[in-house]
Amino acid sequence: MQMQSLRMSRQQAGFTLIELVIVIVILGILAAFALPRFANLGGNARASVFEGANGAIRSSLGIVHAKALASGVGSSATATVNIEGGTVATAFGYPTLAGLESAVSLDGDGLTYTPTTGVLTAGSCTATYTAAADASTPASYSVTTGPVNGEC
């Protein structure tokens, strides 16, 4: 009698090979559906960096313009204003193309700012900054190609 109960407890001591294979197959199927959702997070990250840079640029345009007006150089064709210990070149109270680069830190994180053209690029997203042409035409900043489906 004891031998028979010992034999039954040994048989119930673990999983069978079939049970393990079924669990592995189920995990494989779940991974096949979940992995593509998390595999391409780079596009979302670039879009977030791009949107953050847009906000920083728009804020810095307002800050530099306010500082230029407060300093009395808002209508000058060329001037400089000091912000946070840095010097920003301005034209008619707004940063020049090169001045924008010193007003906002746009280096790294996949961002590329070209001061000769005023184009900001992150992946496939682009935005363009146009410096003020005269005292009656303010600077403009516009997104040329924004994120598509949350990705750049």
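The values are calculated or read from the model by the stated rules, or taken from the named source; none is laboratory data. Please read all numbers here as calculations on a predicted model, not as lab measurements. Every residue, glycine as well, gets a Cβ built from its backbone with ideal geometry; the counts of neighbours run over all protein chains shown. For accessibility, only protein heavy atoms count, side chains too; no ligands or nucleic acids. Shrake-Rupley method; radii C 1.70, N 1.55, O 1.52, S 1.80 Å.
Percent of accessible area on the chain owned by carbon and sulfur, 1.4 Å probe? It would help to have the intermediate numbers written out before the result.
Numbers: 6010 of 9750 Å².
Roughly 62 percent of what the probe reaches on the chain is carbon or sulfur.
Can you tell me how segment 102-152 classifies by the Cα gyration tensor, rounded, prolate or oblate, using a/c under 1.5 as the rounded cut?
Details: a/c = 2.93, a/b = 1.61, b/c = 1.82.
It is oblate, given that a/c is not under 1.5 and a/b is not larger than b/c.
Place +1 on the Cβ of every Lys and Arg and -1 on the Cβ of every Asp and Glu in the chain, take the dipole about the Cα centre, and give the residue among L61, I24, P138 whose Cα lies farthest towards its positive end.
Comparing the listed Cα positions along the dipole, I24 ranks first.
Tell me, what is the FRET efficiency for A98 and V148 to the nearest 0.05, using R0 = 41 angstrom and their Cβ-Cβ distance as r? Intermediate results must be reported in sequence, preceding the final value.
Working: r = 30 Å, r/R0 = 0.74.
With a Förster radius of 41 Å, E is 0.85.
For segment 40-101, just say rounded, prolate or oblate: build the C-alpha gyration tensor, square-root its eigenvalues into a ≥ b ≥ c, call rounded for a/c under 1.5, and beyond that prolate if a/b exceeds b/c, oblate if not. Intermediate values should be presented prior to the final figure.
Details: a/c = 3.16, a/b = 3.01, b/c = 1.05.
It comes out prolate by the Cα gyration axes.
Compare E51, E19, E101 in a GNM of the chain, Cα atoms joined below 10 Å, and give the one with the largest fluctuation.
E19
Per residue, how large is the accessible surface of segment 37-84? Use a 1.4 angstrom probe and give square angstrom. Please list the in-between numbers first.
Values: 2830 Å² over 48 residues.
I get 59 Å² per residue for segment 37-84.
Under the classification rounded if a/c is under 1.5, otherwise prolate if a/b is larger than b/c and oblate if not, where does segment 31-152 fall, given a ≥ b ≥ c as square roots of the Cα gyration tensor eigenvalues?
prolate
Run the simple label-point estimate for L20 and T128 please: 7 Å along Cα→C-beta, distance reported in nm.
6.4 nm
Could you calculate the FRET efficiency of T137 with A31 from 1/(1 + (r/R0)^6), where r is the beta carbon distance between them and R0 is 41 Å, rounded to 0.05?
Numbers: r = 56 Å, r/R0 = 1.38.
For R0 = 41 Å, the calculated efficiency reads 0.15.
Defining a contact as two alpha carbons under 8 Å apart and six or more residues distant in sequence, what relative contact order in percent does the chain show?
Working: 208 pairs, mean separation 28.4, N = 152.
Relative CO of the chain lands at 19 percent.
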